[in-house]
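Note sheet for the following structure.
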Amino acid sequence: MHIPFIAANWKMNTTVAEAEKLVGTLLGPLSSIDGIEKVLCPPFVSLSLIKKILQGSNIKLGAQNMYFEAEGAYTGEISPLMLSELCEYVILGHSERRRYFKESDNMINQKIRAALGNKLKPILCVGEILEENMSGKTEKVIRRQLKGALTEVEATHDIVIAYEPVWAIGTGRASSGEQAVTTIKFIRNVITELWNKDIALNLRILYGGSVNSSNVTEFVSHSEIDGALVGGASLKADEFVNIVSQTASIKKQAFPNN
Ligand code: PGA
């Protein structure tokens, strides 16, 4: 079952007061859109308050990162155990974590295993940088990232993969729908090799990178793309609601049996 999926990655934006206001605006309109999983990923400091606001609604909560140890002397880090009380999802392997915080495939692998071990569902991000794309290395990079992140991880439906070409993130230059479909098909092939065909076909795979309400249909109108991971546009309530509602209605019309 491919339940469509849209996640909002607020990144390092919003104070607690701003986050409270944004969720307050989103709550009504987002709750009324069904047939789609909606996940908000605010900064850590707002998780607890937003969990309370979302209580009883059909909107889910995710974190943007975590460390892999359960507890201990790791000043400044947040553990899977702590997050498991607060949210259902956690974004792991985001290109900004890889780039600015030097997260390796090995570290991301440890995080994926720790998340699953604590009943958190990872949203695993993979994607190539511009140079790799231009020199035809996209598939090589994606394969390395997937293999690295999923080593010794048992086949599971509890992972969502987000294909996010790094050159498309925050640049206003989204990939084309076709390009995204090609890479997402490749991701399904790699998952078949690593796990099995059944999981590869059923796993939800998103596109991310400059998604907005004007281009979202270009991606979600393809059966291979189950939804989107939205950064910048998710900070504007109207824009995000529009993205979720277009996705839900396209998926309902185009793939009613999915
Ligand atoms: P963007 O970010 O939508 O602002 O490009 C997407 C992401 O980084 O997840």
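All of the numbers you see were taken from the coordinates with simple rules; none came from a lab. Note that the structure is a prediction, hence the values are computed from the model and not measured. Because the Cβ atoms are built from the backbone with ideal geometry, glycine has one as well, and the counts that use them run over all protein chains shown.
Round to the nearest 0.05 the FRET efficiency obtained for residue 189 and residue 151 when R0 = 22 Å and r is the Cβ-Cβ distance.
0.80
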TODO: Quick one: which residues, 5 or more positions from residue 204 or on another chain, have an amide H under 5 Å from its amide H? H modelled 1.01 Å from N in the peptide plane, none for Pro or chain starts.
DONE: 161
TODO: Can you pull the one-decimal nm distance between simple spin-label points at residue 3 and residue 34, each 7 Å off the Cα toward Cβ?
DONE: 1.2
- [ ] Please give the contour-minus-distance gain from residue 179 to residue 199: 0.36 nm per residue of separation, less the Cα-Cα distance, rounded to one decimal in nm.
- [x] 5.0 nm
Open item on the list: I'd like the distance separating the alpha-carbon centroids of segment 181-258 and segment 78-141, in whole Å.
Closed with: 18
TODO: Starting with the fewest neighbours, write out 129, 243, 225 ranked by other beta-carbon atoms found within 10 Å of each beta-carbon.
DONE: 129, 225, 243
- [ ] For a footprinting-style exposure proxy, rank 204, 173 by other Cβ within 10 Å, fewest first.
- [x] 173, 204
TODO: Loop only per DSSP, at most 16 neighbouring Cβ atoms within 10 Å: give me the GluC sites (Glu not before Pro) in segment 90-175, ordered by residue number.
DONE: 152, 154
- [ ] May I ask you to evaluate 6.51 cos²θ - 1.76 cosθ + 1.60, the Karplus curve with θ = phi - 60°, for each residue of segment 74-83 and list the ³J(HN,Hα) values in order in whole Hz, giving x for glycine and proline?
- [x] 10, 3, x, 8, 10, 9, x, 4, 5, 5
Task: Residues of segment 7-28 with amide N under 13 Å of a point placed 7 Å along Cα→Cβ from residue 57 - done: 8, 19-28
